[in-house]
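Student: Submitted below is the structure of interest, expressed as structure tokens.
Read-outs throughout are calculated quantities, based only on the coordinates presented, and are distinct from any laboratory measurement. All values derive from a computational prediction rather than experimental measurement. No Cβ is skipped: glycine too gets one built from the backbone with ideal geometry, and neighbour counts run over all protein chains shown.
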Amino acid sequence: MADVEHTIGLLLGTEDDWPRAFESLLRRLGTVTAADGRTHRTRPVRVTIEPFNLRDKPQHELVIDRLAYWYYHPREWLKKIALMDGVYLLNSPFTFQSMEKHAAYCAMMRLGLKVPETVLVPFKNPLDNSRWAYTAARYNEPFDLEATAASIGYPLYMKPYDGGAWVGVSKIRNVDELHAAYDASGERLMHLQASVEDYDVFARSLTIGPETMVMRFRPDQPMHTRYEVDHHFLSADAGDEVVTISRLVNAFFRWEFNSCESLVRGDDVHPIDYANACPDVALTSLHYYFPWAMTALLRWTVFCVVTGRRMRLDTDLAGYFAVADDPDRSYQEKLAGYRELADRYFEVDRYREFCDEHLSDVDEIVYDWVTSEEFRSLLRETVRATYPVHEHEKFLAHFGGLIDAWIRDQGR
């Protein structure tokens with residue numbers, strides 16, 4: 001039988017470290033023999049931005065998008081290739097508005113998750129729209145910001161409804177800080193959200209397809225030390241709940257490359273941010289966990305193109321709401337129901353079987369790559385591109401040590 005070649009498009013912004021890693025690993029993987037006996041080879045292509053005819057046929061079978069959450073031209077191209085050409089996208093462009101946090105909060109509250117109390121407040125300053133003054137004068141109700149905050153309770157957070165990378169987030173401890181943060185918000189639409197005080201741990205989970213890595217996160221630290229290498233920081237029950245919530249969010253919105261932040265107090269898991277169109281996978285952020293991320297991305301994308309997995313544009317929310325509205329189910333039973341729906345969406349059993357039969361050498365391929373001079377060269381170039389010259393030696397030692405720890409932990 002003839003070989004089959006699949007093309008994976010990389011729609012990128014400023015990042016270059018993980019794309020180079022992914023491209024290298026695809027080359028090292030070579031061909032995969034599927035159940036039908038045919039051999040499949042997958043090649044990565046970086047997508048360029050240019051005019052496109054709506055009837056043009058794309059060369060890609062799958063696209064990893066890291067750009068369209070803010071760059072509208074490629075977003076419209078993604079919508080076109082999903083609607084007209086059946087191209088598989090790891091994150092649906094049709095639920096991007098939910099990446100603005102608000103709809104994601106609403107959806108998970110609707111499903112009964114322990115999202116902190118949240119209020120959306122109007123803009124502080126007028127929008128640049130000629131109709132704003134008329135509409136505001138006629139329909140905007142005066143409101144008491146202090147009373148609204150008091151109804152939530154101090155301390156609380158003011159955070160942009162469409163935020164990212166912690167930009168514009170303020171912890172509010174009193175009335176003075178409340179007014180100062182609101183005055184500074186300008187034309188940004190803001191949430192007020194209750195603070196989860198005295199939490200035990202901040203967990204950040206990265207999910208790629210049906211695989212999830214839960215990491216201990218320290219948001220007050222510099223980026224290169226925020227992810228702490230700790231394999232036993234959650235109880236089994238709390239860890240399982242974080243994984244379930246992460247996969248539930250992704251299956252619900254048809255996102256397959258996303259991160260989730262949760263505050264864990266005892267065995268109570270409070271998701272606070274779980275809509276990230278461009279989750280952090282930088283080598284200098286993930287360090288120890290970077291090989292896992294590349295392994296998961298390689299396995300999931302190859303599985304999708306080789307098995308011909310079709311993208312689901314419909315969100316099929318009724319099944320999730322049926323679980324949420326069942327009065328006879330406890331919270332834990334509802335989580336189990338959501339996990340079942342999410343696992344069904346991601347075809348977990350089929351995926352595991354495929355990986356066992358056709359991608360069993362991927363772990364070895366990644367290990368050989370991480371221990372190669374090619375990887376060390378990538379690490380050196382990434383550090384030099386990220387940090388000033390006088391810090392190169394320090395960060396090469398820092399990240400090199402963390403990667404060496406990962407290598408030792410593989411037990412080879």
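Student: What full-extension length gain, to one decimal in nm, is calculated for His390 and Met109 as 0.36 nm per residue of separation minus the Cα-Cα distance?
Tutor: Value of the extension gain: 96.4 nm.
Student: Also, quick follow-up: Taking only Cα atoms and a 10 Å spring cutoff, compute GNM fluctuations for the chain and point out the largest among Ala322, Ala251, Ala181.
Tutor: Ala322
Student: Report, in degrees rounded to the nearest 10, the 0 to 90 angle that the Cα long axis of helix 236-253 makes with the longest principal axis of the chain.
Tutor: The two axes meet at around 90 degrees.
Student: Along the three principal axes, how long is region 251-405 when you take its alpha carbons, biggest first, rounded to the nearest angstrom?
Tutor: If we take the Cα atoms of region 251-405, the spans are 60, 40, 27 Å.
Student: Among Leu120, Leu263, which comes first, then next, by fewest other beta-carbon atoms within 10 Å?
Tutor: By the 10 Å Cβ count, ascending, the order reads Leu120, Leu263.
Student: Can you give the charge dipole size of the chain about its Cα centre, rounded to the nearest 20 debye, using +1 on the beta carbon of Lys and Arg and -1 on the beta carbon of Asp and Glu?
Tutor: Once rounded to the nearest 20, the dipole reads 1020 debye.
Student: Top mean-square fluctuation among Val115, Val32, Val167, Gaussian network model of the chain, C-alpha springs under 10 Å?
Tutor: The residue that fluctuates most here is Val167.
Student: Let me spell out the model: positive unit charges on the Cβ of Lys and Arg, negative unit charges on the Cβ of Asp and Glu, origin at the Cα centre of region 201-359. What dipole size does that give, in debye rounded to 20?
Tutor: Here the size comes out at about 520 debye.
Student: 222 nm [θ] for the chain, helices only, -39500 (n - 2.57) per DSSP H run of 4+, per residue, to 500?
Tutor: -13500 deg cm²/dmol
Student: Compute the acute angle (0 to 90°) between the alpha-carbon long axis of helix 331-345 and the principal axis of greatest extent of the alpha-carbon atoms of the chain; round to the nearest 10°.
Tutor: It is inclined by approximately 40 degrees.
Student: Arrange the following residues from fewest to most other Cβ atoms within 10 Å of their Cβ: His179, His224.
Tutor: His179, His224
Student: Compute the distance in nm between two label points, each set 7 Å from the Cα along the Cα-to-Cβ direction, one at Ser151 and one at His179.
Tutor: Here the modelled spin labels are 2.1 nm apart.
Student: Fewest to most neighbouring Cβ within 10 Å: what's the order for Thr301, Thr42?
Tutor: Thr42, Thr301
Student: Right, next: Helix 392-409 versus the longest principal axis of the chain: what angle, 0 to 90°, nearest 10, using Cα atoms?
Tutor: 70
Student: Compute the relative contact order of the chain as a whole-number percentage, counting only Cα pairs closer than 8 Å that sit 6 or more residues apart in sequence.
Tutor: Dividing the mean separation by the residue count of the chain yields 17 percent.
Student: Relative to the Cα centre, what is the charge dipole magnitude of region 286-412, using +1 at the beta carbon of each Lys and Arg, -1 at the beta carbon of each Asp and Glu, and rounding to the nearest 20 debye?
Tutor: Result for region 286-412 is approximately 340 debye, rounded to the nearest 20.
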